[in-house]
Amino acid sequence: MSEVSGIAVAADRRQLAAELRAVCMRVSRRTRFAKEALVPPHQASVLGKLTDNVLTPRELADIECVSAPSMTRTVGCLVDKGLVRREADPSDGRQVRLFITDEGRTTIARVRAQRDEWMLERLSALSEQECAVLEQAQEILGRVVAA
């Protein structure tokens, strides 16, 4: 490969990277900010993290890349709604562990179903061939984010 074609490939990859990032962000935003959201996106994200994990507010703040005070407010709202419960850590009484409640599990399941329904509606307008391409893209994007 000549240097000129190498530069062209690099430019093409840079353009692809920018376009993929932008479209992935638009899809994420559209699915997260549905008209009839049961909980705001940041609260749904926390519920999702607690679905299979018991975490501290600090751990959640780190995972979500937000400040500890911001996470404390988010957790407070979820506790007030009955979606999350706090428990003192049995090995360190200064620590609080967070658990999703049954109502929280129901809520996050409904949020995910709404988001899946949004996507299904859009996919229904596509051809079988386009859906096959998206299936391949989904697998490839999964590898990209896992790296």
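The values are calculated or read from the model by the stated rules, or taken from the named source; none is laboratory data. Since this is a predicted model, take the numbers as computed values, not measurements. Methodologically, a virtual Cβ is constructed for each residue, glycine included, from the backbone with ideal geometry; neighbour enumeration extends over all protein chains shown. Remember, those area values only see protein heavy atoms, side chains included, never the ligands or the DNA or RNA. Shrake-Rupley method; radii C 1.70, N 1.55, O 1.52, S 1.80 Å.
Summary of values
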| item | result |
| --- | --- |
| Built amide H within the under 5 Å cut-off of Val84, gap 5+ | Val79, Thr101 |
| Dipole magnitude of the chain, debye to nearest 20 (Cβ charges: Lys/Arg +1, Asp/Glu -1, about Cα centre) | 520 |
| Among Leu134, Leu78, Leu123, residue whose mean-square fluctuation peaks in a GNM of the chain (springs only between Cα atoms under 10 Å) | Leu134 |
| Tilt relative to the chain, helix 68-80 - C-alpha long axis, 0 to 90 degrees, to 10 | 70 |
| Square roots of 5 times each gyration tensor eigenvalue, C-alpha, the stretch 33-86, largest first, Å | 17, 12, 11 |
| Relative contact order [Cα under 8 Å, 6+ residues apart], the chain, whole percent | 21 |
| Computed P(r) (all Cα pairs; the stretch 65-122; 10 Å bins; percent) | 21, 36, 30, 11, 3 |
| With Cα atoms, 0 to 90° folded angle of helix 102-123 axis to the chain main axis | 20 |
| Relative contact order %, the stretch 49-96, counting alpha carbon pairs below 8 Å whose residues are six or more apart | 27 |
| P(r) histogram, all alpha-carbon pairs of the chain included - 5 Å bins from 0, percent | 2, 8, 13, 15, 15, 13, 11, 8, 6, 4, 3, 1, 0 |
| Surface share of carbon and sulfur [accessible, 1.4 angstrom probe, percent] for the chain | 56 |
| With Cα atoms, 0 to 90° folded angle of helix 3-32 axis to the chain main axis | 40 |
| Structure-based [θ]222 nm, the chain - -39500 (n - 2.57) summed over DSSP H runs of at least 4, per residue, nearest 500 | -23500 deg cm²/dmol |
| Chymotrypsin sites (Phe, Trp or Tyr not before Pro) restricted to the stretch 21-121 and DSSP loop, no more than 10 other C-beta within 10 Å | Phe33 |
